[in-house]
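Each remark here refers to the structure printed beneath this line.
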């Protein structure tokens with residue numbers, strides 16, 4: 001009898017376990033379950049990725065205040081991070097202990113940290129406090145659980161200057177953020193027993209004390225760039241109560257809707273994790289900062305009526321025009337129209353009437369070189385995105401003709417710009433030649449070649465707007481300037497080579513190391529090997545400069561095998577931005593993204609397929625160091641999204657995608673117009689990376705590109721994949737360049 005009873009019990013346990021296993025294994029993962037926001041949280045050299053908890057493209061972002069994983073300490077939990085990589089505001093700092101230990105300089109040890117796009121939790125082990133967080137767009141909820149028997153406090157402190165007030169169950173005030181007031185209004189779910197201040201010379205801080213029997217304190221708050229009252233309205237509108245679980249559920253649902261616009265099948269779980277994490281990061285910038293139909297514009301410091309078109313900001317265009325904006329044009333075309341309208345508002349409200357390069361909440365940070373808002377507008381124009389072309393054209397024309405091209409300088413044009421406008425190249429200095437123009441930064445230098453190439457692309461883009469407006473004189477003027485990159489091409493060496501003001505190539509010259517830190521005297525963050533290929537708008541002409549496909553291919557092959565010439569530690573002391581090296585190719589910096597696709601233009605597409613797979617497998621992984629360089633809020637991960645899907649926009653402004661090597665056997669993009677574009681890659685696997693044949697909507701396709709129109713109209717690109725290259729596929733015609741599209 002005992003044996004029978006034991007058998008029944010054991011059988012029941014087995015059945016129960018099997019049931020649980022079936023339930024767990026059969027539960028289908030949703031897109032957000034694949035997001036690992038710790039990918040890249042340890043950087044190879046410079047800036048890591050950040051584990052951001054927020055809604056897609058929302059005004060409020062929370063990132064725990066710890067630096068990578070080089071310490072187990074954190075300063076607190078910021079109420080908001082106004083701009084990617086631009087600093088935190090207003091640290092929430094829970095405390096459990098004696099009053100004399102309550103200080104604005106708390107530095108927490110932390111453990112058991114769990115971070116997702118929609119919820120964050122951490123255990124502060126010195127104080128026995130578990131903190132949880134869930135976001136709305138302009139507000140959020142914290143829940144603090146106290147486990148220790150000691151007085152309970154919640155402190156709020158500024159990172160810089162500001163004003164904080166604590167009264168009753170509220171805290172409110174603002175912090176100054178780069179000259180802009182960041183307002184907040186915060187409420188506790190219960191009355192504190194005491195409130196007060198803990199100011200220091202450099203920081204303002206206020207606190208609320210709670211009864212020692214309180215086990216949990218919940219906090220809800222709203223933020224605003226308009227006023228404290230608006231912060232309170234945002235709170236009441238978006239966070240009606242203290243239910244952190246409900247807010248978590250709503251945030252999770254929103255992320256699933258956003259990420260679910262692309263469905264993928266096949267590949268490994270790690271590859272899906274890399275994909276959806278990349279897609280998540282592609283929704284950090286830009287941010288919508290309209291509040292109840294109004295917005296604060298940092299370009300004139302005033303509040304404006306948005307007239308039904310939300311205002312967007314926080315965009316580092318040098319990083320994002322290549323891949324992030326083209327991706328958002330596909331996924332969120334209406335929001336892209338609002339972003340373009342926002343750029344025009346920034347130009348209109350600026351004192352100088354210049355388009356920004358790095359628009360932030362506080363205005364134009366104005367970094368790097370070029371003014372690639374022009375490319376963003378040209379790409380939108382070519383792809384049917386609606387905006388005021390007349391205003392955009394006038395803004396870009398005014399900017400490029402009256403603002404200086406000197407990197408990192410928001411200033412009127414100088415003698416260097418006058419030289420460029422007359423002769424067509426930015427003049428360079430010899431290594432021992434003293435700088436004569438005060439506006440030029442001692443560190444950033446002139447970027448002489450990079451500036452010339454950037455301006456050529458920008459001018460081509462402005463020409464496209466002029467053409468659409470039937471401004472023939474302007475069209476010809478800017479079109480002629482679009483060839484200026486030719487002035488610097490050295491046919492003897494196959495490099496773009498800096499020239500002095502007399503038109504002589506700077507000599508002697510080392511194409512790897514000349515130019516100082518990041519080669520900034522002549523290029524920017526990368527050396528001459530990267531800038532060989534920086535002629536996005538006219539790849540066909542670049543091939544002609546080389547003398548045809550074969551010398552072009554030989555140079556491209558050499559790029560990936562050219563030696564660093566120095567030990568790594570010495571090389572990266574000179575080129576710290578040039579991470580993710582494969583030879584002299586730099587996967588970790590934006591100007592390199594399109595380079596592996598250039599084989600498609602010169603008759604050897606199988607090498608694009610081989611190289612893209614190798615780069616994805618080597619440098620984009622599901623681990624803490626799984627990003628090769630500065631990710632820049634979607635700038636780099638948008639490249640990953642495109643490349644894993646199997647195509648890439650090499651030339652924004654030309655409505656064409658060039659085909660690489662899809663990771664997934666099937667991916668489907670759900671478009672706003674209700675249609676679906678599908679990429680099928682039959683037999684795709686780790687070894688089956690080569691395209692054997694292709695069809696587009698059932699018709700044979702023997703070229704390596706398709707049009708944006710093909711994508712937005714829905715349809716199917718079907719590729720048959722194999723483990724050996726078909727060197728005859730894709731040779732019907734190269735992807736179009738500017739000459740093909742505009743009749744150069």
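Only the coordinates and a few stated rules stand behind these numbers; no lab work does. Since we're looking at a predicted model, the values are computed, not measured. Cβ placement follows ideal geometry from the backbone for every residue including glycine, while neighbour counts extend to all protein chains displayed.
Tabulated results
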| read-out | value |
| --- | --- |
| Inter-centroid distance (Cα atoms) of the range 116-168 relative to the range 459-533, Å | 51 Å |
| 222 nm mean residue ellipticity, helices alone, for the chain (DSSP H n ≥ 4; -39,500 (n - 2.57); rounded to 500) | -9000 deg cm²/dmol |
| On Cα atoms only, tilt of 605-619 relative to the major axis of the chain in degrees | 30 degrees |
| Per-selection Kirkwood Rh - the range 322-379 (Cα, Å, 1 d.p.) | 12.0 Å |
| Protection proxy ranking, peptides 514-524, 419-429, 324-334, 720-730, average beta carbon neighbours within 10 Å, highest first | 514-524, 324-334, 419-429, 720-730 |
| Part-to-part distance (alpha-carbon centres) for the range 251-330 and the range 188-248, which is given in Å | 27 Å |
| Compactness of the range 361-418 as Cα Rg over 2.2 N^0.38 Å, two decimals | 1.25 |
| Scattering curve values for the range 418-504, log₁₀ I(q)/I(0), Debye with Cα scatterers, q = 0.11, 0.13, 0.15, 0.25 Å⁻¹ | -0.36, -0.49, -0.62, -1.20 |
| Anisotropy class of the range 34-259 from Cα gyration tensor, a/c 1.5 cut | rounded |
| Under 13 Å from the residue 723 label point (7 Å along Cα→beta-carbon), backbone N, the range 654-685 | 684-685 |
| Principal semi-axes in Å for the range 194-264 [√(5λ), Cα gyration tensor, largest first] | 33, 19, 13 |
| Gain upon complete extension [residue 100, residue 309; 0.36 nm per residue less C-alpha separation] | 70.2 nm |
| Most to least packed among 58-67, 483-492 [average Cβ atoms within 10 Å] | 58-67, 483-492 |
| Antiparallel bridges, percent of DSSP beta bridges restricted to the range 268-742 (to nearest 5) | 85 percent |
| D_trans [Stokes-Einstein, Kirkwood Rh over alpha-carbon pairs] for the range 290-417, 10 °C, 1.306 mPa s, µm² s⁻¹ | 108 µm²/s |
| Among 572-580, 636-644, the order from most to least packed when residues are scored by Cβ within 10 Å on average | 636-644, 572-580 |
| Fewest-first sequence of 398, 658 by Cβ atoms within 10 Å of each Cβ | 398, 658 |
| Centroid-to-centroid separation of the range 389-452 and the range 662-735 [C-alpha atoms, Å] | 42 Å |
| Added length on full extension, which subtracts the Cα-Cα distance from 0.36 nm per residue, residue 441 to residue 236 | 69.1 nm |
| The range 351-482: Cα Rg divided by the 2.2 N^0.38 Å rule of thumb | 1.07 |
| Debye intensity ratio I(q)/I(0), log10, the chain, q values 0.05, 0.09 Å⁻¹ (C-alpha model) | -0.27, -0.85 |
| Stretch gain in nm, segment residue 71-residue 147, where the contour uses 0.36 nm per residue and the Cα spacing is subtracted | 24.9 nm |
| Separation of the residue 169 and residue 402 label points, Cα + 7 Å toward Cβ, nm | 5.5 nm |
| For the range 672-744, Kirkwood radius (reciprocal of mean inverse C-alpha pair distance, Å) | 13.6 Å |
| Rounded tilt (10° steps) of 373-382 against the dominant C-alpha axis of the chain | 80 degrees |
| Along each principal axis, Cα extent of the range 45-147, largest first, Å | 40, 33, 23 |
| Separation of the residue 111 and residue 685 label points, Cα + 7 Å toward Cβ, nm | 4.5 nm |
| Angle between the chain longest axis and helix 333-349 axis [Cα atoms, degrees, rounded to 10] | 80 degrees |
